[in-house]
1. Using beta carbons and a limit of 7 Å, which pairs, at least six apart or on different chains, have the first residue in the range 121-138 and closer than 13 Å to residue 78 by Cα and in a helix (DSSP H, G or I) and the second one of a type in the set (S, T, N, Q) and at pLDDT 80 or above?
2. Just for the range 1-20: of the residues that are free of Cβ contacts under 8 Å to residues at least 12 places away in the same chain and under 25 Å from residue 127 (Cβ atoms), which one is nearest to the chain's Cα centre (by Cα)?
3. Out of 23, 29, which single residue is under 16 Å from residue 114 (Cα atoms), surrounded by 15 or more Cβ atoms within 10 Å (Cβ to Cβ) and in contact (Cβ under 8 Å) with a residue 40 or more places away in the chain?
4. Tell me which of these residue 49 doesn't satisfy, since it passes every other one: (1) surrounded by fewer than 13 Cβ atoms within 10 Å (Cβ to Cβ); (2) over 25 Å from residue 87 (Cα atoms); (3) of a type outside the set (Phe, Trp, Tyr).
5. If you scan the range 73-116, which residues turn out to be assigned to a helix (DSSP H, G or I) and open to solvent by less than 30 Å² (accessible area, probe 1.4 Å)?
6. Being surrounded by 17 or more Cβ atoms within 10 Å (Cβ to Cβ), in contact with a Lys or Arg (Cβ under 7 Å, 6 or more places away or on another chain) and touching a residue at least 24 places away in the same chain (Cβ under 8 Å): is that true of residue 42 here?
7. Say we look at the range 136-169 and pick out the residues that are buried (at least 19 other Cβ atoms within 10 Å of the Cβ) and among the β-branched types (Val, Ile, Thr); which of these is farthest from the chain's Cα centre (by Cα)?
8. Going by the conditions given, is residue 205 out of contact with any Pro (no Cβ under 6 Å at 6 or more places or on another chain) and not in a helix (DSSP H, G or I)?
Amino acid sequence: MNEAEKPLIHLVDDDEAVRHSASFMLRLSGFRVQTHKDGVSFLDELKTLEDGCILLDVQMPKMNGLQVQKELNVRGCEMPVVVLTGHGDVSVAVQAMKSGAINFVEKPYEKQVLLKALEEACEEMRNRSHGALQKADAEKRLAHLTPRETEVLEGLVDGLTNKAIANTLDISPRTVEIHRANLMEKLGVDNLSGALRLAFAAGHGQ
């Protein structure tokens, strides 16, 4: 694959050390990378940028990642977004995915987790024209869930922890864990972002 054929990542992060290390790792992994020092400068340049996937940090000065994402939506930008969130910040991750992010990755991130998320985003960009097909596929998969599994998924869509879902449904956290594992297996996903992506594609949480 020549340089021009490699997928492009727009890395938006105010931390210079992160921009340097992440872009180095991504280039070694077969991506092209364009770095942006914050959300404001990224948005200023948006009209002139080549289409690619956006790797967007949530915690930034001037404009945080969620605000940048909101502005991207206002401007009709269709580049797929992967957000970098703080560890355990599930509510922020859910909010980002409700706003259209393809995936989220927790900092400090593992290389393989980040690469997989970006590869999924690049695949999304290639398949963007198949939105109706994705909705039908998501609805078909969700139809296999039991009513209780659907309730647990709805709790995840609302950004609730296992404990909070357990309190809401008046069951034990351990039971929530079992339902959560079962629904992920039925949906054919191996992480929370995959389950959320299907739920939002099917129209849940909107």
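The values are calculated or read from the model by the stated rules, or taken from the named source; none is laboratory data. For clarity, every value in this text was computed on a predicted model and none was experimentally measured. Note: ideal-geometry Cβ built from the backbone for every residue, glycine included; neighbour counts use all protein chains shown. All accessible areas refer to the heavy atoms of the entire protein, side chains included, with ligands and DNA or RNA removed. Shrake-Rupley method; radii C 1.70, N 1.55, O 1.52, S 1.80 Å.
1. Correct list of pairs: 121/103.
2. Filtering the range 1-20 for residues that are free of Cβ contacts under 8 Å to residues at least 12 places away in the same chain and under 25 Å from residue 127 (Cβ atoms), the one nearest to the chain's Cα centre (by Cα) comes out as 5.
3. None of the other options fit; the residue is 29.
4. Failing condition for residue 49: (1).
5. Narrowing the range 73-116 to residues assigned to a helix (DSSP H, G or I): 73-74, 90-98, 111-116.
If the condition is that a residue be assigned to a helix (DSSP H, G or I) and open to solvent by less than 30 Å² (accessible area, probe 1.4 Å), then 92, 93, 94, 96, 97, 114, 115 are the ones that fit.
6. Numbers: surrounded by 17 or more Cβ atoms within 10 Å (Cβ to Cβ): yes; in contact with a Lys or Arg (Cβ under 7 Å, 6 or more places away or on another chain): no; touching a residue at least 24 places away in the same chain (Cβ under 8 Å): yes.
When the stated conditions are applied, residue 42 does not pass them.
7. If we take residues in the range 136-169 being buried (at least 19 other Cβ atoms within 10 Å of the Cβ) and among the β-branched types (Val, Ile, Thr), then 165 is farthest from the chain's Cα centre (by Cα).
8. yes
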